[in-house]
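Reading through the structure tokens given below for one structure.
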2 protein chains.
Amino acid sequence: MERIEHHACFGGWQEIYQHESTTLGCTMNVAVYLPPQAEKGRVPVLYWLSGLTCTEQNVITKSGVQRYASEHGIAIVAPDTSPRGEKVADNHLYDLGQGAGFYVNATQKPWAANYQMYDYVVQELPDLIEAHLPVTQERSISGHSMGGHGAMVIALRNPGRYRSVSAFSPIVAPTQVPWGQKAFESYLGSDRETWKQYGTLELIATAEERLPLLVDQGTRDEFLDKQLKPELLTQACEAAHHPLTLNMRTGYDHSYYFIASFIGEHLAHHAFALSQ
Amino acid sequence: MERIEHHACFGGWQEIYQHESTTLGCTMNVAVYLPPQAEKGRVPVLYWLSGLTCTEQNVITKSGVQRYASEHGIAIVAPDTSPRGEKVADNHLYDLGQGAGFYVNATQKPWAANYQMYDYVVQELPDLIEAHLPVTQERSISGHSMGGHGAMVIALRNPGRYRSVSAFSPIVAPTQVPWGQKAFESYLGSDRETWKQYGTLELIATAEERLPLLVDQGTRDEFLDKQLKPELLTQACEAAHHPLTLNMRTGYDHSYYFIASFIGEHLAHHAFALSQ
């Protein structure tokens, strides 16, 4: 890992690292915020997964998360949203290809060669972070939109690996909405049975561990009715008796202005879980 | 004024307005944050002037200022940094022309036709804001880098018009450093006497009103020695017995990671002055 950016921020350091990913077969950037507490000892980590079109930069420049991470002594690790580079398959649409990895392991050509974001986020990235930086193996995970989907799927599929999970404006039902169906058809193929391993609703129905879900959703989100459908998450959690706190936030949209307004509450949620 | 963006944010509204500026002879965008208190009555305003290459977007997407503006009940008004548009004179360099107005009234061709940012910020913009939005005539002013220069010059030249002034990483001596000399030569011409009306140091020497200056400056700022020179501000304030709080922040650079870390303290400073 080579450090390519290093900025003092809220008493700690906002950094960008670059590394060759064996899982993804390309060079990746990852944003790391190290709070001041990391100078004296190891700190737990909150992984943040961003949404469509984003890179590792969005959450660190727009959410103000560092203030809360500094207060609670939590590192923030924010990977890019897909493999990157000229040799990596891409598409002219914003919701497929680079910037739209959907946190799955692709099985279809041309995507399978590089689009292994699930394994990257679950295994390679934490291994790298925990080997090279002053962090513990206590992990939480959160994300926005496509990244909220990724955070919930990854937490649900890996019981015991994350202390807590939360999401902003998540795509809760990728197997049922246009964004998810388009991506899964391309990355996973037409056999919809294979999609279920990446569907939050399907995973909740069979979850071994009842890790509480914290979800914030704006009521004026421009993607609410067509792509996000939080009511489906409520139904799935009720049916499976899975604990859910769904905060519907009146007037808020899909932007980082929404995330910035409530990310302090999410950090408090993760800090509490990480301190137990 | 036409509202072109409207996002819920920290209980208030982050908005962008577009208007035809008679002072600048072009269409301008201006960012306005209205805190929740503005729904029940008029609130005071902090004007924020951004630095080179910035637009009205930078401070509202990167500083996290809305959190503090919401707590204190202060509106934030952030104009663009120069006139804009295809018909407005420009230059291929980042530090001259569009994005680099330096908050002066240009007298030289081709700039004089549109580059009247001093009058725009001091007069036209507040008139417009105070006529159309739920704000009082209680004003404070702050800014970053070129905008820190602008904020101090404007406050010093208009006694009684601003309750308080502050700056991050300001260009304190534009008449003595490359950024300022290049801009002033182009906008104001070669007669250096005319530059003094836009020089913070020169204005401090003759100021009628001793409005305290609050300045934050990072010690690892990449422009510190060549362009910013805060020691000259200290000397000028000592010579004139002008009150100055200069916070040198160890390890911080010129970025918004620095601004985000300390803008809460600046908002508290302005809130106190605006409440007197």
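The values are calculated or read from the model by the stated rules, or taken from the named source; none is laboratory data. Computed from a prediction, not measured in an experiment: that's the story for all the values here. Note: ideal-geometry Cβ built from the backbone for every residue, glycine included; neighbour counts use all protein chains shown.
I'm trying to understand the selection: among the residues of segment A:51-66, which are farther than 14 Å from A:Ser166 by Cβ and not acidic (Asp, Glu)? Result: A:Gly51, A:Leu52, A:Thr53, A:Cys54, A:Thr55, A:Gln57, A:Asn58, A:Ile60, A:Thr61, A:Lys62, A:Gly64, A:Gln66.
Residues in segment A:14-37 that are within 14 Å of another protein chain (Cβ to nearest Cβ) and under 11 Å from A:Ile76 (Cβ atoms) were compared, and the one that is surrounded by the most Cβ atoms within 10 Å (Cβ to Cβ) is A:Tyr33. Which ones in segment B:62-87 are under 17 Å from the mean Cα position of the chain (by Cα) and in a helix (DSSP H, G or I)? Listed by number, the residues that qualify are B:Lys62, B:Val65, B:Gln66, B:Ala69.
The C-beta contact set for segment A:142-156 (first residue under 16 Å from A:Leu52 (Cβ atoms), second residue of a type in the set (D, E, K, R) and at pLDDT 95 or above, distance under 9 angstrom, 6+ apart or interchain) comprises A:Met146/A:Asp95.
Residue check: B:Ala69 meets all listed conditions (1) of a type outside the set (Phe, Trp, Tyr); (2) within 23 Å of B:Ser164 (Cα to Cα); (3) within 14 Å of another protein chain (Cβ to nearest Cβ); (4) in contact with an Asp or Glu (Cβ under 9 Å, 6 or more places away or on another chain) but one, namely (4). Scanning segment B:235-269 for residues that are over 15 Å from B:Gly148 (Cβ atoms) and polar (S, T, N, Q) gives B:Gln235, B:Thr250, B:Ser261. The set of residues in segment B:77-113 that are surrounded by 24 or more Cβ atoms within 10 Å (Cβ to Cβ) and of a type in the set (S, T, N, Q) comprises B:Thr81, B:Ser82. Looking across segment B:100-125, the residues that are within 19 Å of B:Asn29 (Cβ to Cβ) and aromatic (Phe, Trp, Tyr) come down to B:Phe102, B:Tyr103, B:Tyr115, B:Tyr118, B:Tyr120.
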